[in-house]
């Protein structure tokens with residue numbers, strides 16, 4: 001039907017729904033009912049960067065010279081990050097597109113999907129430039145079964161969303177509460193991945209980089225962490241909070257609450273199991289241990305429970321950040337170096353705006 005491409009009969013420009021409203025027609029910036037979402041879209045534009053901005057050649061020597069524990073931890077962490085961002089780059093805007101009926105939300109998630117491609121490409125470039133035989137490293141990365149298991153719960157939710165998305169686009173699913181529930185659960189899964197799992201993974205990377213090794217990798221992943229924390233996870237939170245103010249959103253939460261609580265717990269438990277595995281087989285990391293990393297994971301997970309208004313006795317959440325070094329890595333300005341020392345990661349584009357248009361200046365030359 002033509003309305004799948006352009007809806008000429010669209011009548012809800014004054015107040016479109018984020019999901020499952022009238023299909024989109026004109027891309028509308030006149031009527032703005034989701035200013036937070038539009039602001040996050042603009043922020044992601046301002047943070048635009050490229051995977052080849054950092055010179056990873058020194059990391060080749062670091063991988064050859066570091067101890068086996070550090071090598072294993074870096075490889076296993078990169079394995080999961082690369083796998084997860086490969087999934088994210090293909091499973092956000094493309095899967096959610098048939099459901100999205102807001103110009104602002106479409107702009108934000110398609111921009112984030114593009115950004116996830118940069119993230120996935122960054123991990124690929126790290127491997128390509130850091131090893132003499134990158135193909136062998138791909139095989140090594142793909143052999144880490146624990147990394148696959150760590151991502152399995154989120155991938156299951158994404159897969160359910162993928163099926164619902166295509167069936168809905170083909171007219172095989174109705175615009176009803178069950179279809180909406182599938183969307184809601186996928187957004188929760190996305191929030192879990194970006195607010196809990198990515199943050200736990202970054203902590204390992206930055207702990208290794210705090211030893212002075214792998215600095216280009218640290219700066220690149222610092223950019224990724226900034227994107228994930230400041231924009232991606234924040235958008236998930238804003239979308240969920242908006243939907244919880246709607247009748248459909250409240251009903252979805254009520255009907256799916258048990259599944260949602262189980263999904264969050266499975267994500268957290270998979271992270272705790274991963275941490276146990278990471279520090280097994282004699283692996284050690286300077287300044288980090290399994291208990292501290294587990295506490296950081298729960299510290300991050302607290303935000304997900306808070307956003308959804310869920311109380312749980314299953315975990316004890318720290319009230320203070322247990323990994324203080326993460327504060328400098330998650331605030332790029334705190335680790336700003338001179339251009340002579342290392343590649344610069346703290347910048348935004350498009351932040352200069354003219355305020356003198358139409359002004360005539362009195363000046364003599």
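Each reported figure results from applying straightforward, stated rules to the coordinates on display, with no laboratory input. Because the structure is predicted, anything quoted here is derived from the model rather than measured. Cβ placement follows ideal geometry from the backbone for every residue including glycine, while neighbour counts extend to all protein chains displayed.
Region 34-52 and region 274-303 have Cα centres spaced 31 Å apart. Globularity index of the chain is 1.06 (Cα radius of gyration / 2.2 N^0.38 Å, N = number of residues). Region 119-174 and region 69-96 have Cα centres lying 7 Å from one another.
Within the listed set 145, 234, 271, the Gaussian network model of the chain (springs between alpha-carbon atoms below 10 Å) gives the highest mean-square fluctuation for 145. Under Stokes-Einstein, with the Kirkwood radius over Cα pairs as Rh, the value for region 1-120 at 10 °C and 1.306 mPa s is 93 µm²/s. Highest mean first, the peptides 153-160, 28-35, 109-116 sorted by other C-beta atoms within 10 Å per residue fall in the order 109-116, 153-160, 28-35. For the listed peptides 311-320, 283-292, 89-98, 218-227, a ranking on the average number of other beta carbons within 10 Å per residue, highest first, reads 218-227, 89-98, 283-292, 311-320. Take every Cα pair under 8 Å whose residues are at least 6 apart in sequence, average their separation, divide by the length of the chain, and the relative contact order is 21 percent. This ranking places 165, 254, 270 by how few other beta-carbon atoms lie within 10 Å of each, fewest first, which gives 254, 270, 165.
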